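A quick write-up on the structure given underneath.
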Amino acid sequence: MAAPRMAPPSEMSRRLTFLFALAAGVAIGNLYWAQPLLGFIAGDLRAATATAGWLVTATQVGYAVGVLLLVPLGDVLDRRRFVPVMLLASAAALLLCALAPSIGVLLLALGVLGVTTISGQVLTPLAGDLAGDAQRGRIVGVVGSGTLTGILASRTISGFVAGAAGWRTVFVLAAVIAVLLAVLLYRAIPPLAPRTRMPYPQLIASVGAVVMRERTARWTLVLAATGFATFSLFWTALTFLLSGPPFRYPVAVIGLFGLAGLAGVLSGLHGGRLHDRGWSLPATGTAWVLALSAFVVAAFAGRSVVLVIVAIIMIDVALQTQALLNRARLFALSHEARSRLNTALATGNFIGAAIGSATATTLWSAGGWTAVTITGTALCCFALIVWAMGRRGPLVIRSAVTEGPVTDRSETSPNRAAVAGSARSAPESNPP
């Protein structure tokens with residue numbers, strides 16, 4: 001039997017790039033369909049609001065497990081088959097969500113959905129493999145922007161659909177779209193030879209090995225996980241704030257607030273340019289100062305919708321920018337280990353997100369919006385301390401496999417040149 005052909009650099013057409021971005025956005029959106037519907041679902045299934053808050057946590061924990069255990073398989077399997085299989089599996093989980101008779105079954109179904117909805121994390125490095133050298137940064141950036149748009153648009157779409165036809169319809173429609181995308185991607189993705197052959201236990205163990213080898217990776221992962229925890233803390237608590245007094249908005253209106261976060265998509269794209277110009281670490285610190293300021297604004301937003309919107313824009317711009325910078329910095333560490341670094345990053349991010357959503361649920365019951373904003377402020381201060389301690393040491397990239405000369409003005413290492421060259425070939429904004 002003939003081995004699968006290796007795709008030429010020109011395989012990534014505009015149409016395929018758009019399809020990848022759409023599929024990545026839909027896949028990541030599966031994690032957030034339930035977020036603006038927590039109060040709605042709690043009422044329908046006769047569950048406490050605090051219990052419903054665990055729905056987001058279950059999805060995010062499942063996603064972290066899926067990224068850790070399934071995404072590395074993209075290096076050893078034919079992704080033309082692997083991606084559609086994952087989409088079909090997520091479609092089955094979505095249908096189980098739609099049919100869930102109780103909050104317990106829904107928790108289980110959302111956990112399974114999280115495990116299976118990892119297609120975006122496979123499609124992004126695949127886009128980089130299919131693209132030519134001159135196009136790789138742009139194409140992977142487009143796919144990454146699809147991921148960010150999916151995170152934000154899913155909340156708005158979910159609110160509209162649930163307000164018009166009920167929350168179960170949201171999951172039915174998502175399942176139908178997942179099946180359609182599975183068919184389209186199977187027809188569109190060329191067969192590719194596996195990048196490596198490795199026993200599964202060794203493949204999974206190598207993820208931890210590369211992290212332990214790179215000190216910069218460990219420090220960057222701490223910043224990234226803190227960012228996702230902060231992001232999830234804010235958005236989970238915001239749903240409780242907007243659905244209760246004094247706002248009492250319906251789910252359709254709550255979903256609209258996600259549109260304010262689209263500013264984060266644009267800022268994330270500009271964040272990649274900052275990294276390419278050698279300002280990765282200064283820009284990261286600036287982003288965290290902006291996030292800290294956003295929580296100060298949010299502390300006064302308990303009765304002001306204008307301040308809520310301002311806080312949303314500030315937080316999304318800050319946290320999406322630092323997320324892209326973290327990813328670009330990690331990808332600059334190693335050319336041959338990007339998939340494993342991406343697995344470590346995504347796993348840490350969504351463990352952080354799960355902790356953030358769980359913390360929001362607990363804090364809301366204990367102290368409401370005030371407790372949430374105080375905790376968010378503390379997380380931003382922690383991140384700034386890590387950044388300040390690491391910006392001239394552990395966070396500096398001292399050795400990297402590079403593809404072009406760029407000097408990072410924030411670094412002092414003799415080997416600081418060309419940090420951004422390899423990152424241009426793979427940066428992806430994959431936030432919260």
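Express in nm, to one decimal, how much length is gained between residue 392 and residue 277 on full extension, taking 0.36 nm for each residue of separation and deducting their alpha carbon distance.
Values: separation 115, 0.36 × 115 = 41.40 nm, distance 1.77 nm.
This chain segment gains 39.6 nm when fully extended.
Taking the centroid of alpha carbons for each part, region 94-134 and region 190-268 are 13 Å apart.
Overall, region 11-423 carries a charge dipole of about 320 debye about its Cα centre when +1 sits on the Cβ of Lys and Arg and -1 on the Cβ of Asp and Glu, all other atoms neutral. Charging the Cβ of each Asp and Glu at -1 and of each Lys and Arg at +1, and nothing else, the dipole of region 118-240 about its Cα centre rounds to 140 debye. One decimal place: the segment residue 307-residue 176 gains 43.4 nm when fully extended, by the rule 0.36 nm per residue minus the C-alpha distance.
Using a cutoff of 8 angstrom between alpha carbon atoms and counting only pairs six or more residues apart, the relative contact order for region 12-136 works out to 39 percent. Starting from the Cα gyration tensor of region 11-423, take the square roots of the eigenvalues, sort them a ≥ b ≥ c, and report rounded, prolate or oblate (rounded when a/c is under 1.5, otherwise prolate if a/b is larger than b/c, else oblate). Because a/c hits 1.5 or more and a/b fails to exceed b/c, region 11-423 counts as oblate. Dipole orientation for region 11-423: of the candidates 147, 314, 345, 345 has the Cα lying most toward the positive pole (charges on Cβ; Lys, Arg +1; Asp, Glu -1). Considering only alpha-carbon pairs that sit under 8 angstrom and 6 or more positions apart, the relative contact order computed for region 11-423 is 22 percent.
Using DSSP to call loops (not H, G, I, E or B), can you name the trypsin sites (Lys or Arg not before Pro) in region 293-393 whose Cβ has at most 13 other Cβ atoms within 10 angstrom?
Answer by residue number: 303, 392.
Note on residue 48 and residue 99: the extension gain reaches 16.4 nm, defined as 0.36 nm multiplied by sequence separation minus the Cα-Cα distance.
Placing unit charges on each Cβ (+1 for Lys and Arg, -1 for Asp and Glu) gives region 11-423 a dipole about its Cα centre, and among 82, 174, 60 the Cα reaching farthest toward its positive end belongs to 82. So, in Å, what gap is there between the alpha-carbon centers of region 15-70 and region 323-395? Between the Cα centres of region 15-70 and region 323-395 lies a distance of 19 Å.
No value in this document is a laboratory result; all are computed from the given coordinates. Quantities reported herein were computed from a predicted structural model and do not represent experimental measurements. Glycine gets a Cβ as well: all are built from the backbone with ideal geometry, and neighbour counts include every protein chain shown.
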